[in-house]
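Working notes, structure below.
The values are calculated or read from the model by the stated rules, or taken from the named source; none is laboratory data. Not measured: the values here are computed from a predicted model. No Cβ is skipped: glycine too gets one built from the backbone with ideal geometry, and neighbour counts run over all protein chains shown. Just so you know, the surface numbers come from the protein's heavy atoms only, side chains and all, with ligands and any DNA or RNA stripped out. Shrake-Rupley method; radii C 1.70, N 1.55, O 1.52, S 1.80 Å.
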There are 2 protein chains.
Amino acid sequence: MKIALVGIGKIARDQHVPAIADSPDWELAATCSNHGTVEGIEAHKDFGAMLAARPDIQVISLCLPPVPRFAYAAQAIAAGRHVMLEKPPGATLSECHALEEMARAKGVTLYASWHSRAAAQVQAAKAWLKDKTLRSLNVTWKEDVRRWHPGQDWIFEAGGLGVFDPGINALSIMTEILPDPIHVTGAELDFPENRETPIAARVAFFHPKGAEVTMDMDFLQTGEQIWSMEAVTDQGTLSLHKGGAVLENDGKDVADASGVNLSLKGEYPVLYAHMAELVRAGRSDVDLAPMRHVADAFTLGRRLTVAPFDW
Amino acid sequence: MKIALVGIGKIARDQHVPAIADSPDWELAATCSNHGTVEGIEAHKDFGAMLAARPDIQVISLCLPPVPRFAYAAQAIAAGRHVMLEKPPGATLSECHALEEMARAKGVTLYASWHSRAAAQVQAAKAWLKDKTLRSLNVTWKEDVRRWHPGQDWIFEAGGLGVFDPGINALSIMTEILPDPIHVTGAELDFPENRETPIAARVAFFHPKGAEVTMDMDFLQTGEQIWSMEAVTDQGTLSLHKGGAVLENDGKDVADASGVNLSLKGEYPVLYAHMAELVRAGRSDVDLAPMRHVADAFTLGRRLTVAPFDW
């Protein structure tokens, strides 16, 4: 199937282009971007013109920042194309609901992807937690924004989510592996005095069986980069590290508790394989739970002003 | 049907108690509140004890502030009771989804009420707008918090929503009367430097047919109190005033454009009549759209710090 990539920035080059190139399902037929191109691939700057010129491209994958994404997605759906969205699926929950409704009315597939759910050990962690009684889940998501998002000012502009841009990856894993629904009960959000989104945050959740669920995020982590969560249960402790790629059970590294080692494939190939299944089956996959928790944290959170941030 | 009111504060006394007293459907059988009671009605302070002592009370109406509401609603549903929620239905979207799921699993009714949708002219406005092309919708929601919420500190504590507590009433009308879905594209939120929620806000929305949709909220309005919206269309202008109680068409006061004058009844009697219908039909009514827009505004909004607020 022919696919076009819209928004050729860091994530497109690092993940989308190689995943599509290695896939038996997809052929990268065109790109659309103000600045970026992919060598050897037909390049457009005008999205409407691309849609008109290439009716044979039935699937559009959007790797733009969240704020401009809605307009492209709406235009693609209106043109009868299937759409795959990078995470988060939009800048607002309401626009995602609107896109879902538009896709349903038009009979096309909409896939709100969450790449961290495709990390190697996430399904193994889910399977293990299924029959345990959770006592606590503590999430630590600390990375250096200067290293992973160099110069990406949009992340600190209103709607860019700040430290919740990586944090929503943790939420996408938490909402996948926990058998019971959680909700935010409180949050502290650290806003740099010269920026519009938080650079660090601490969030507490209600768990229906009384487990302590917390999340600690920081965008100024130097040295070791930490994307980990530790679940203490009545039958031992499970930890996920490296964003879900590594699983430990009571401190022992478990290469693969589920028997399926997705890490051989990587996250994005799993997403593109899932998109191919969705298009073939004529289905959509739009789970907004991770984004809803972020919106809840912004709504409920206490705002603290911290030192200005500059690259 | 017997009903218990939980949280006997200003809104319970002003609206819920008289609406229940005048209804043919309901008998106020008990109250539960830390501070308030209703003369002549059995009063409890311990909610669990009330549920245990009065299995004959099948319906619980919660008039508590949003933050403590979830725990009571969850307890009532777990005890097999139908639940009616004041607006907003909770402090987070995720807890409302959880309650909806719990109510479904337990086979009881959950009603997330929006009292402003029951204002006299809302349905007339909806009917009139249905076949018009919208050019703009400008909402002005300006009231004096000292007059309408005297000493209610919870409104300025994290989760209390601040000026969005009245503002969500406007959103509940907007989402009811507009035929097309809107979503927040930007917001400015004025936080008093000593408070955790905004005291004023300006919100801009995307409209799929290009209409300009804006909302201007202020909690420090002295003099005339304004709860108005003006819709300019291809076939004239419609205005709602006094929170939806008065409708004007091209500046002419229209007592009742729909032929049904709900204002004779008032908002809360309409809500309690609807709850009676839902319980009899075994249905729930949980529309989170107004709250989603608030969460979107908090997520997308630029935070401005303004003068401290004291009562």
| query | Are there any pairs with C-beta distances below 7 angstrom linking a residue in region B:38-51 that is assigned by TED's automatic domain parsing to the domain that holds B:L64 to a residue that is part of a loop (DSSP other than H, G, I, E, B) and loosely packed, with under 15 Cβ neighbours inside 10 Å, with the two at least 6 apart or on different chains, and if so which? | reply | B:A43/B:T37; B:K45/B:N34
| query | Just for region B:54-69: of the residues that are in a loop (DSSP other than H, G, I, E, B) and in contact (Cβ under 8 Å) with a residue 60 or more places away in the chain, which one is surrounded by the fewest Cβ atoms within 10 Å (Cβ to Cβ)? | reply | B:Q58
| Take the residues of region A:184-233 that are open to solvent by less than 50 Å² (accessible area, probe 1.4 Å), within 12 Å of chain B (Cβ to nearest Cβ) and not in a strand (DSSP E or B): which is nearest to A:T140 (Cα to Cα)? | A:P198
| Of the residues in region A:289-311, how many are more than 9 Å from chain B (Cβ to nearest Cβ) and surrounded by 21 or more Cβ atoms within 10 Å (Cβ to Cβ)? | 1
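Look through B:W141, B:W148 and report the one residue that is open to solvent by less than 20 Å² (accessible area, probe 1.4 Å), away from chain A (no Cβ under 12 Å), aromatic (F, W, Y) and farther than 30 Å from B:Q58 by Cα.
Exactly one residue qualifies, and that residue is B:W141.
Of a type in the set (G, A, S), in contact with a strand residue (DSSP E or B) (Cβ under 9 Å, 6 or more places away or on another chain) and outside the structural domain of B:I177 (by TED's automatic domain parsing): which single residue out of B:S228, B:S239, B:S284 fits that description? If you could, list the steps in order and put the result at the bottom.
Details: B:S228 fails: outside the structural domain of B:I177 (by TED's automatic domain parsing); B:S239 fails: outside the structural domain of B:I177 (by TED's automatic domain parsing).
Of B:S228, B:S239, B:S284, the one residue that is of a type in the set (G, A, S), in contact with a strand residue (DSSP E or B) (Cβ under 9 Å, 6 or more places away or on another chain) and outside the structural domain of B:I177 (by TED's automatic domain parsing) is B:S284.
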| task | Name every residue in region A:92-113 that is in a loop (DSSP other than H, G, I, E, B), open to solvent by less than 10 Å² (accessible area, probe 1.4 Å) and in contact with a Lys or Arg (Cβ under 7 Å, 6 or more places away or on another chain), in order of residue number. | result | A:T109, A:S113
| query | Which condition number in (1) closer than 30 Å to B:R54 by Cβ; (2) away from chain A (no Cβ under 14 Å); (3) out of contact with any strand residue (DSSP E or B) (no Cβ under 6 Å at 6 or more places or on another chain) is the one that B:A105 fails? | reply | (2)
| request: Please specify each residue of region B:274-288 satisfying the condition of being surrounded by 15 or more Cβ atoms within 10 Å (Cβ to Cβ), of a type outside the set (A, V, I, L, M) and part of a helix (DSSP H, G or I). | output: B:H274
| If you scan region B:183-207, which residues turn out to be in contact (Cβ under 8 Å) with a residue 60 or more places away in the chain and β-branched (V, I, T)? | B:V184, B:T185, B:I199, B:V203
| task | Starting from residues that are within 13 Å of chain B (Cβ to nearest Cβ) and in contact with a strand residue (DSSP E or B) (Cβ under 9 Å, 6 or more places away or on another chain), keep the ones in region A:164-178 and report whichever is most open to solvent (accessible area, probe 1.4 Å). | result | A:L178
| query | Taking region A:168-217, which residues are out of contact with any helix residue (DSSP H, G or I) (no Cβ under 6 Å at 6 or more places or on another chain) and among the charged types (D, E, K, R)? | reply | A:D180, A:E188, A:D190, A:E193, A:E196, A:R202, A:K209, A:E212, A:D216
| message | Can you pull out every residue in region A:70-90 that is within 14 Å of chain B (Cβ to nearest Cβ) and open to solvent by 10 Å² or more (accessible area, probe 1.4 Å)? | response | A:F70, A:A71, A:Y72, A:A74, A:Q75, A:A78
| said: Can you tell me which residue is farthest from A:Y72 (Cα to Cα) among those in region A:1-12 that are surrounded by fewer than 17 Cβ atoms within 10 Å (Cβ to Cβ) and at pLDDT 95 or above? | reply: A:M1
| note | By residue number, the members of region B:21-40 that are out of contact with any Asp or Glu (no Cβ under 8 Å at 6 or more places or on another chain) and either of a type in the set (S, T, Y) or part of a helix (DSSP H, G or I) (or both) are B:A21, B:D22, B:S23, B:S33, B:T37
| request: Would you check if there is a residue in region A:75-91 being over 23 Å from the mean Cα position of the chain (by Cα), at negative phi and either in the same structural domain as A:W154 (by TED's automatic domain parsing) or assigned to a loop (DSSP other than H, G, I, E, B) (or both)? | output: yes
